Amino acid sequence: MAKVSRTAPILTVSVAAELAGMHAQTVRQYDRLGLVVAHRTRGGGRRYSLRDVDRLIEIQRMSQEDGVNLAGISAILKLQDQVDSLSSKNARLEKQLQQLQALAEYMRGELERVSRREARVFAANSSGDVTMADRLDLLRGVLRQGAAQGDGDDSSGELVLWNPRNVSVWRALWSHSQ
C-alpha cells in the first residue's frame, strides 16, 4: 500500500467534513474565513489534506469545548502557525550553526597545521646536508648533537638558516662550541 503524505491535498469537501465530524457547509465557511484554506483544483474544486482535517477537528474542539469564538480561533491558529514556522526556522538555523561550528573547527585545525609547518626552520651546511626542526633552538640542538656524534665533516663553517614563513635567509657562522 502506498503511503500518502499528511499534507497532500486529496480529500474533497464532503470527505474532509465527514472525517472531521462536521457539515460540508461548515468546512466551506471555515475556508471563506481563512481558518482552513483549501487547495484548489484546476476546475476550482476544493481539496483538503489530512493535516487540514486535523485542523478542522481542532477548530471544532476549541469552539465547542473551550467556547472560543471564530475570531479567537483565527488568532490562536495564526499564532500556532507562527510558532511552527519559527520552530522550523530555529531548527534550520541550529543545523546551520552546527555545520558552521564544524567548519570552524576544521579551519582552526588547518590553520594550526599550516602555522606549525611554516614555523619550521631549516639549516644547510656547505656540503649540502639539510636539517629541519620546528624551532631554531631545536635546530641548534640537533646540529650540536650531530656534531658531537661526528656526523658532519665540518666542525665549524658557514651555515645557512631559513624559515618558510620568513622570506629572509640568515647566514650564521656556526661553531660547535655554541
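Data overview
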{"item": "All-pairs Cα distance distribution in region 42-107, expressed in whole percent, bin size 5 Å", "result": "4, 13, 13, 14, 13, 11, 9, 7, 6, 5, 3, 1"}
{"item": "For region 1-130, with +1 on Lys and Arg beta carbons and -1 on Asp and Glu, the positive-most of V114, G44, A8 along the dipole", "result": "G44"}
{"item": "Å² of accessible area per residue within region 1-114, as computed with a 1.4 Å probe and no ligands counted", "result": "72 Å²"}
{"item": "Percent accessible area from carbon and sulfur atoms, region 1-98, protein chains only, probe 1.4 Å", "result": "53 percent"}
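The values are calculated or read from the model by the stated rules, or taken from the named source; none is laboratory data. Values in this document were obtained by computation on a predicted structure and should not be read as measured data. Cβ sites come from the backbone with ideal geometry, for glycine too, and all protein chains shown count toward neighbours. Accessible surface is based on the protein model in full, side chains and every heavy atom, while ligands, DNA and RNA are left aside. Shrake-Rupley method; radii C 1.70, N 1.55, O 1.52, S 1.80 Å.
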